[in-house]
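Okay, structure first, notes after.
The values are calculated or read from the model by the stated rules, or taken from the named source; none is laboratory data. In this text, all values refer to a predicted model and were calculated from it rather than measured experimentally. Using ideal geometry, Cβ is built from the backbone for each residue, glycine included, and neighbour counts are taken over all protein chains shown.
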Amino acid sequence: MDNVHFILVEPIYAGNVGAVARILNNFDFHNLRIVGTIPVKNDFYLAVHSEHILEQVQIFPSLAEAIADLDRVIAFSRRVGKTKPVDMPPPGTAEYIHKLPGLQIGLVFGRETFGLTDEEADLCPLRCQIPTGRSMPSINLAQAVAIAAWEVFSYSSKNTRKNKAMGGKQLADM
């Protein structure tokens, strides 16, 4: 989906950006934006067969600049509160994106250490939280991107396959 842009805010742990590039390639996404610095050598090791995504990554000095040309922006965050409501779960986010094929959509992922600042979160009018167990409420950056990318890809694939797949009754009759 060429209208979906994955935006990483100041990733710091070596390899996460490379893992994200590979994940995006796995699910037919190619638009990666980074707020902060250029990927490091280790990222290229983890971007197996996805180096082209790292070579085409767009770098921005701020989140405001990274999302300036986008029509809709959705922040993925584990933090919720009075000022940061959760608008959609991951499946709802995928459905929302597919209802807006002509718009440019940004999926924003915060820092590995503390997520998005309040100011950055305020730039994202929509929010999505990936549910987790209580003992470990935060997810690794690359894993969060994998869940989001899979949800959007899966929603598209599921709707594409509906006409090709056998119905449950047909399978039961076999």
Are any of the residues in the stretch 39-51 modelled with pLDDT of 95 or more and either in contact with a Cys (Cβ under 8 Å, 6 or more places away or on another chain) or among the hydrophobic types (A, V, I, L, M, F, W, C) (or both)? no
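Every residue, every condition in (1) at pLDDT 90 or above; (2) within 23 Å of the chain's Cα centre (by Cα); (3) farther than 17 Å from residue 8 by Cα; (4) surrounded by 12 or more Cβ atoms within 10 Å (Cβ to Cβ), yes or no:
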site: 129; (1), (2), (3), (4): no, yes, no, yes
site: 145; (1), (2), (3), (4): yes, yes, no, yes
site: 149; (1), (2), (3), (4): yes, yes, no, yes
site: 153; (1), (2), (3), (4): yes, yes, yes, yes
site: 157; (1), (2), (3), (4): no, yes, yes, yes
site: 163; (1), (2), (3), (4): no, no, yes, no
site: 173; (1), (2), (3), (4): no, no, yes, no
Filtering the stretch 4-24 down to residues that are of a type outside the set (Val, Ile, Thr) and more than 13 Å from residue 142 (Cβ to Cβ), which residue is surrounded by the most Cβ atoms within 10 Å (Cβ to Cβ)? 5
Kindly check whether there is at least one residue in the stretch 45-52 that is in contact with a Gly (Cβ under 6 Å, 6 or more places away or on another chain) and part of a helix (DSSP H, G or I). yes
Return the total of residues in the stretch 33-64 being closer than 12 Å to residue 11 by Cβ and charged (D, E, K, R). 2
I need a count of the residues in the stretch 21-39 that are over 17 Å from residue 154 (Cα atoms) and either touching a residue at least 60 places away in the same chain (Cβ under 8 Å) or not in a loop (DSSP other than H, G, I, E, B) (or both). 6
Go through the residues of the stretch 79-96 one by one and say whether even a single one is surrounded by fewer than 22 Cβ atoms within 10 Å (Cβ to Cβ), modelled with pLDDT under 90, hydrophobic (A, V, I, L, M, F, W, C) and more than 14 Å from the chain's Cα centre (by Cα). yes
May I ask you to list the residues in the stretch 25-47 that are over 27 Å from residue 136 (Cβ atoms) and loosely packed, with under 14 Cβ neighbours inside 10 Å? 37, 38, 41
Any idea which residue in the stretch 131-143 is nearest to the chain's Cα centre (by Cα), counting only those that are under 20 Å from residue 29 (Cα atoms) and surrounded by fewer than 21 Cβ atoms within 10 Å (Cβ to Cβ)? 143
List every residue pair whose Cβ atoms lie under 7 Å apart, where the two residues are 6 or more positions apart in sequence or sit on different chains, the first residue falls within the stretch 5-19 and is free of Cβ contacts under 8 Å to residues at least 24 places away in the same chain and on the phi > 0 side of the Ramachandran plot, and the second residue, located anywhere, is surrounded by 24 or more Cβ atoms within 10 Å (Cβ to Cβ) and not in a strand (DSSP E or B). none
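Could you count how many residues in the stretch 105-123 are over 11 Å from the mean Cα position of the chain (by Cα), closer than 14 Å to residue 78 by Cβ and of a type in the set (A, V, I, L, M, F, W, C)?
3
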